[in-house]
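A.B. asks: My questions will all concern the structure given below.
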Amino acid sequence: MAAIERVKFYSLSDWSTGYHIKRAEEVLHDFITEKKVEDINEIIELYNIQLFFQNKIYSRDWTKQQLEDYTRIVERFPKAIGVFFSQLSAEALDAVLSDVEFDYVEDFWQLLSRYQVYKKIPANVFCELSKNEKFCLRDVLRCKSLVEAYPNEIVLYMQENFECAKTLLSYYLEKHKSELPPLYFPDELTKEKKTEILEKYAANDLANANYLKLIFESNGVDGLPLPDKLKLRARRTYDDQMKRLSKNSVGMKYEVRVSFSAAQEEEWKLESKNRTLSASYSTKWIEENLDYPTVLNNFIYLFGYTDFQFRSLHVHRKSQMGIFERFLGIKGKREYDLGVAFEQMQSLAQLQMMAYCRELQKNRIRLEDVIKWFFKEYLQKEFNVIGFGFNPSSPDASYLEKCRNIAAEIDSVLKQFKLWCEEGELDSELLHMSTEHIFIKNIPSLIKNKYIYPCGKEYEAISHLLFSDQSRIRYVPELSEGCESFYDLMKKCKIYRHMFQEYQIRDIRWLAEQGVIYLEEDGRLTPDNRKIKIFHEFYEHEVICTSYAKNCRDILEELKNRGLVEFESSLFSRPEQNYFNYCMNKSEFDNGLDLRNRYIHGTQIVDENKNEQDYYIFLRIMILIVIKINEEFCLLHPVKAQKNKV
């Protein structure tokens, strides 16, 4: 006998609502008040129908009279549900739970709690229930009254079942796609007992590698401490698992190659083929352009460290992540998203920096000396900015010493720029008086309203519909092949209203109401190219630099008045701030590299190869700072900036 597709209320926005309303109508039509309901699943289905009515979700096809009739029937449900649970005996609970359909198990515990059935369930019966294959600890923890009724039994269950560690980790540390209902842990589950549960899990070879990674990459939070020994144990178990997997698994590999060639005439060539990204540069061109301004400009125009708006291209960009990267896997609440595109860009930037420094050294140029020239000479000569300083490390210093020196110099340069913004000059005594820790987001800008950021749910809806590969309006059967988004579809094809289904047309009309697309008289859909260009910039980069969007000021002001964008001033954009924090500390992201703090506080690994890799990351950050500070003064003094562009 086929299973009945029963009514289930998931959420207000769930797409299956229409189907469940149709099934609810069948149940309402056949409901007989006088008939005693004896099946647990029929009872829970009544509860779910009740939830639809409590949230005012009805069929559009119902007449006013039908709605009134159905409402009166639903008002009788609580009595039927109450009668069932009042007659439920403790001895029958295990059998009843076994009969509960999978989708209804959580509702079963909610109703046990609501109708206070737990008051007649002894602790030993609850323990037996916990052995039932339908028992799910998370469902119980969502019911505060059940947790308060069986605290010791719940603690014992968690101590005896190592998988319960995942419940703790998921609740306290994991980032979820949507907000989850709260869990109530018993007071008897002390921090020490939580740590014991996690230690058992971290030492188990069967532990999920994703959760092990979550342990050693995260910082402890209120309610869930993560001692260093626990994190180390998790890291070792994780490493052991990865070693075993690497012997037998065939994964997806990608390569990044950087080369300098004396035979190459082109300044640079970039090629991506078969998951291999290859970049090659002309040694001849480098050797013919060794003046310091060009040495620095190469990071922009040769190596592509920034785009034409001087936005760093090394930052994480959500738009570059594939659907599996976005939605699969376990991520921490304080995790900096990486992804294949981000990792590939980091590898490219690292190899570019290492190879370029070696080419410069062949010509007796040290990049740190060029950075010193920028702060000591260039800023003074071009903009009359006096007092900035940068102390390069000794040429003979070890990479460990170089890392410690440049970490301190990065702090110093940022403090100097912050003081200049606040005072209009650099008072060395005032600078030396400062002992405050500097936060990257608090470094101001000399430019008013320097950055524009998208904001609000309306923007998110527009952006999703236009550019997401998951947009409901992206798909047109005869045209969608080769089109990754609705925006792509409009660019490549002539599309008309009649090509879309009714559920898609609602979204299209809404976009037209927002002034993003036009519905022509013949039914053709055409874009407002100026607006869509702005929305696309936001989708790709999450920020626009005001100074390079002067021809769009009217649209940006309109979007600001509608609450779709906001203006802000700082040296670094928000994506750049996040990237800086990922590289330099753990103030925002638990999986951060923490380079600044490790070298400043002496907790780094003393290994010359590792220290060398870290040093080139420091140099990349330092070059980004140089580019951003130079941009500030160029925007402030545009006439002077044209004389000697850096």
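A.B. asks: When a/c is below 1.5 the answer is rounded, else prolate if a/b is larger than b/c, else oblate, so apply that to segment 440-539 with a ≥ b ≥ c taken from the square roots of the Cα gyration tensor eigenvalues.
C.D. replies: On the way: a/c = 2.51, a/b = 2.24, b/c = 1.12.
The shape class here is prolate.
A.B. asks: Considering every Cα-Cα pair within segment 235-280, what fraction, in whole percent, is farther apart than 13 Å?
C.D. replies: Values: 708 of 1035 pairs.
For segment 235-280, the share of Cα pairs beyond 13 Å comes to 68 percent.
A.B. asks: Could you calculate the FRET efficiency of Glu612 with Ser178 from 1/(1 + (r/R0)^6), where r is the beta carbon distance between them and R0 is 45 Å, rounded to 0.05?
C.D. replies: Numbers: r = 43 Å, r/R0 = 0.96.
The computed FRET efficiency comes out at 0.55.
A.B. asks: Rg and Dmax in Å for segment 1-139, alpha carbons only: what are they?
C.D. replies: For segment 1-139, the Cα radius of gyration and maximum Cα-Cα distance read 15.9, 51 Å.
A.B. asks: Pull up all non-local amide H partners of Val565: gap of 5 or more, or a different chain, and H-to-H distance under 5 Å with H placed in the peptide plane.
C.D. replies: Close amide H contacts, sequence-distant or interchain: Cys455, Lys560.
A.B. asks: Which of Ser278, Ala203, Ser178 sits farthest toward the positive end of the charge dipole of the chain, with +1 on the Cβ of Lys and Arg and -1 on the Cβ of Asp and Glu?
C.D. replies: So the residue furthest toward the plus end is Ser278.
A.B. asks: Using the heavy atoms of the protein chains and a 1.4 angstrom probe, tell me the accessible area per residue for segment 227-276 in square angstrom.
C.D. replies: Working: 4270 Å² over 50 residues.
Accessible surface, normalised per residue, equals 85 Å².
A.B. asks: Continuing with the same structure: In Å², and per residue, what accessible area does segment 569-624 have when probed at 1.4 Å with the other protein chains present? Please report the intermediate quantities before stating the final value.
C.D. replies: On the way: 1900 Å² over 56 residues.
Each residue of segment 569-624 exposes 34 Å² on average to a 1.4 Å probe.
A.B. asks: About the Cα centre of segment 423-579, what is the dipole size in debye to 20, counting +1 per Lys and Arg Cβ and -1 per Asp and Glu Cβ, all else neutral? Provide the component values of the computation, followed by the final result.
C.D. replies: Values: 21 positive and 28 negative charges, 120 e Å.
Dipole of segment 423-579, to the nearest 20 debye: 580 debye.
A.B. asks: Just grab the label-to-label distance for Ser587 and Ala203, each label 7 Å out from Cα along the Cβ direction, in nm (one decimal).
C.D. replies: In this crude label model, Ser587 to Ala203 measures out at 3.9 nm.
A.B. asks: Using only alpha carbon pairs under 8 Å that are at least six residues apart, calculate the relative contact order of the chain and give it in whole percent. Intermediate values should be presented prior to the final figure.
C.D. replies: On the way: 737 pairs, mean separation 69.9, N = 646.
Result for the chain is 11 percent.
A.B. asks: Express the carbon and sulfur contribution to the solvent-accessible surface of the chain as a percent, rounded to the nearest whole number, probe 1.4 angstrom. Write down the numbers at each step before the final one.
C.D. replies: Values: 16390 of 33770 Å².
So the carbon and sulfur contribution to the accessible surface is 49 percent.
A.B. asks: On the principal axes of its Cα set, how long, how wide and how thick is segment 470-588? Give whole Å, largest value first.
C.D. replies: Principal extents (largest minus smallest coordinate, Cα): 53, 31, 22 Å.
A.B. asks: For the pair Met242 and Glu163, how long in nm is the line joining their label points, each one 7 Å along Cα→Cβ?
C.D. replies: Placing both labels 7 Å along Cα→Cβ, they lie 2.7 nm apart.
A.B. asks: Where Rh is the Kirkwood radius over the Cα pairs of segment 406-485, the temperature 20 °C and the viscosity 1.002 mPa s, what D in µm²/s does Stokes-Einstein return?
C.D. replies: Working: Rh = 17.0 Å.
Value of D from the Cα-based Kirkwood radius: 126 µm²/s.
A.B. asks: Now a separate question. Measure off 7 Å from each Cα along the Cα-to-Cβ vector at Lys550 and Tyr453, then give the distance between these two points in nanometres to one decimal.
C.D. replies: 2.6 nm
A.B. asks: Whole number please: convex hull volume per residue, Cα atoms of segment 566-646, in Å³. Present the calculation step by step, with values, prior to reporting the outcome.
C.D. replies: Working: hull volume 9.5 nm³, N = 81.
Cα-based convex hull of segment 566-646, divided per residue, equals 117 Å³.
A.B. asks: Something else: Would segment 97-205 count as rounded, prolate or oblate if I go by the C-alpha gyration tensor, calling it rounded below 1.5 in a/c and otherwise prolate when a/b exceeds b/c, oblate otherwise?
C.D. replies: Details: a/c = 1.63, a/b = 1.37, b/c = 1.20.
Prolate shape, in that a/c is at least 1.5 and a/b is the bigger ratio.
A.B. asks: Continuing with this model, one more query. Given the -39500 (n - 2.57) contribution per DSSP H run of 4+ residues, what per-residue ellipticity at 222 nm results for the chain, rounded to the nearest 500 deg cm²/dmol?
C.D. replies: Working: 31 runs with 336 residues, N = 646.
Estimated from H runs of four or more residues: -15500 deg cm²/dmol.
A.B. asks: If you add up the charges near Lys372, with Lys and Arg at +1 and Asp and Glu at -1, over every other residue whose beta carbon is less than 13 angstrom from its beta carbon, what do you get? It would help to have the intermediate numbers written out before the result.
C.D. replies: Values: positive: Arg366, Lys376; negative: Glu368, Asp369, Glu377, Glu409.
Result for the local shell: -2.
A.B. asks: Among DSSP beta bridges whose residues both lie in the chain, state the antiparallel percentage, nearest 5.
C.D. replies: Among the beta bridges of the chain, antiparallel pairing accounts for roughly 75 percent.
A.B. asks: Also, quick follow-up: Rounded to two decimals, what is the ratio between the C-alpha radius of gyration of segment 3-81 and 2.2 N^0.38 Å? Write out the running numbers ahead of the final one.
C.D. replies: Working: Rg = 11.9 Å, N = 79, 2.2 N^0.38 = 11.6 Å.
Expressed relative to 2.2 N^0.38 Å, the Cα Rg reads 1.03.
A.B. asks: Highest mean first, what order results for 345-352, 275-282, 389-396 on Cβ atoms within 10 Å?
C.D. replies: Details: 345-352: 19.2, 275-282: 17.4, 389-396: 13.8.
In decreasing order of mean packing, 345-352, 275-282, 389-396 become 345-352, 275-282, 389-396.
A.B. asks: If you look at just the Cα atoms of the chain, how large are its Rg and its Dmax in Å?
C.D. replies: Cα radius of gyration and Dmax of the chain are 30.9, 96 Å respectively.
A.B. asks: Quick one: what does P(r) look like for segment 280-395 with 5 Å bins over all Cα pairs, in whole %?
C.D. replies: 2, 9, 15, 17, 16, 13, 10, 8, 6, 3, 0
A.B. asks: Could you give me the percent of Cα pairs per 10 Å distance bin for segment 487-535, shortest bin first, beginning at zero and ending with the bin that holds the maximum distance?
C.D. replies: Bins of 10 Å from zero give 25, 62, 12 percent of pairs.
A.B. asks: Here's something else I'd like to know. Could you tell me which of Cys455, Cys403, Asn41 has its Cα farthest along the dipole of the chain towards the positive end, charges placed at Cβ (Lys, Arg +1; Asp, Glu -1), taken about the Cα centre?
C.D. replies: With unit charges placed on the Cβ atoms, the residue in question is Cys403.
A.B. asks: To continue, here is another question. With only alpha-carbon pairs counted, each pair once and no self-pairs, how large is the Kirkwood hydrodynamic radius of segment 193-317 in angstroms?
C.D. replies: Evaluated over segment 193-317, this radius sits at 19.0 Å.
A.B. asks: A further question follows. Please list the non-local residues whose amide H lies under 5 Å from the amide H of Gly332, H modeled 1.01 Å from N, same-chain partners needing a gap of 5 or more.
C.D. replies: Close amide H contacts, sequence-distant or interchain: Lys175.
A.B. asks: Reachable lysines from Lys131, Cα under 22 Å, same-chain residues fewer than 8 places away excluded?
C.D. replies: Lys119, Lys120, Lys144, Lys166, Lys193, Lys194, Lys200
A.B. asks: Just the number: Rg to Rh for segment 53-95, Cα atoms, Kirkwood Rh, two decimals.
C.D. replies: Working: Rg = 15.5 Å, Rh = 12.7 Å.
Rg divided by Rh gives 1.22.
A.B. asks: State the Kirkwood hydrodynamic radius of segment 346-478 in Å, one decimal place, computed from all pairs of distinct Cα atoms. List each step's numbers first, then the result.
C.D. replies: Details: mean 1/r = 0.0523 Å⁻¹.
About 19.1 Å for segment 346-478.
A.B. asks: Still on this model: Beyond a 26 Å Cα-Cα separation, which of these cross-linked pairs lie in this structure: Lys8/Lys56; Lys253/Lys331; Lys213/Lys628; Lys229/Lys441? Mind showing how you got there, number by number?
C.D. replies: Numbers: Lys8/Lys56 15 Å; Lys253/Lys331 22 Å; Lys213/Lys628 34 Å; Lys229/Lys441 33 Å.
Result: Lys213/Lys628; Lys229/Lys441 exceed 26 Å.
A.B. asks: While we're here: Counting residues in segment 162-247 as N, plug N into 2.2 N^0.38 Å and put the Cα Rg over that result.
C.D. replies: Working: Rg = 13.1 Å, N = 86, 2.2 N^0.38 = 12.0 Å.
After normalising by residue count via 2.2 N^0.38 Å, the value is 1.09.
A.B. asks: What is the extension gain from Arg114 to Thr71, computed as 0.36 nm multiplied by their sequence separation minus the C-alpha to C-alpha distance, in nm to one decimal?
C.D. replies: Numbers: separation 43, 0.36 × 43 = 15.48 nm, distance 2.17 nm.
Here the answer is 13.3 nm.
A.B. asks: Cα centroids of segment 482-504 and segment 445-464: how far apart, whole angstrom?
C.D. replies: So the separation of the two Cα centres works out to 26 Å.
A.B. asks: Rounding to the nearest 20 debye, state how big the charge dipole of the chain is about its Cα centre with +1 on each Lys and Arg Cβ and -1 on each Asp and Glu Cβ.
C.D. replies: Working: 90 positive and 101 negative charges, 167 e Å.
Its charge dipole is roughly 800 debye.
A.B. asks: Seen from all sides and averaged, what is the projected area of the convex hull of the Cα atoms in segment 537-594, in nm²? Present the calculation step by step, with values, prior to reporting the outcome.
C.D. replies: On the way: hull surface 19.8 nm².
Here the figure is 5.0 nm², rounded to one decimal.
A.B. asks: Let me ask something additional. Mind checking which of Ile617, Ile629, Tyr582 is farthest towards the positive end of segment 573-643's charge dipole, using Cβ charges of +1 (Lys, Arg) and -1 (Asp, Glu) about the Cα centre?
C.D. replies: Result: Ile629, furthest along the dipole toward the positive end.
A.B. asks: Hey, another quick one. Express the accessible area of segment 1-159 per residue in Å², computed with a 1.4 Å probe while the remaining protein chains stay in the model. Don't skip to the answer; put the middle values down first.
C.D. replies: On the way: 8930 Å² over 159 residues.
On a per-residue basis, segment 1-159 sits at 56 Å².
The values are calculated or read from the model by the stated rules, or taken from the named source; none is laboratory data. What you are looking at is a predicted structure, and each value in this text was computed from that prediction instead of being measured. Here Cβ is always computed from backbone atoms with ideal geometry, including for glycine, and neighbour counts include all displayed protein chains. Each accessible area value is taken on the protein alone, full model and side chains, heavy atoms only, with ligands, DNA and RNA left out. Shrake-Rupley method; radii C 1.70, N 1.55, O 1.52, S 1.80 Å.
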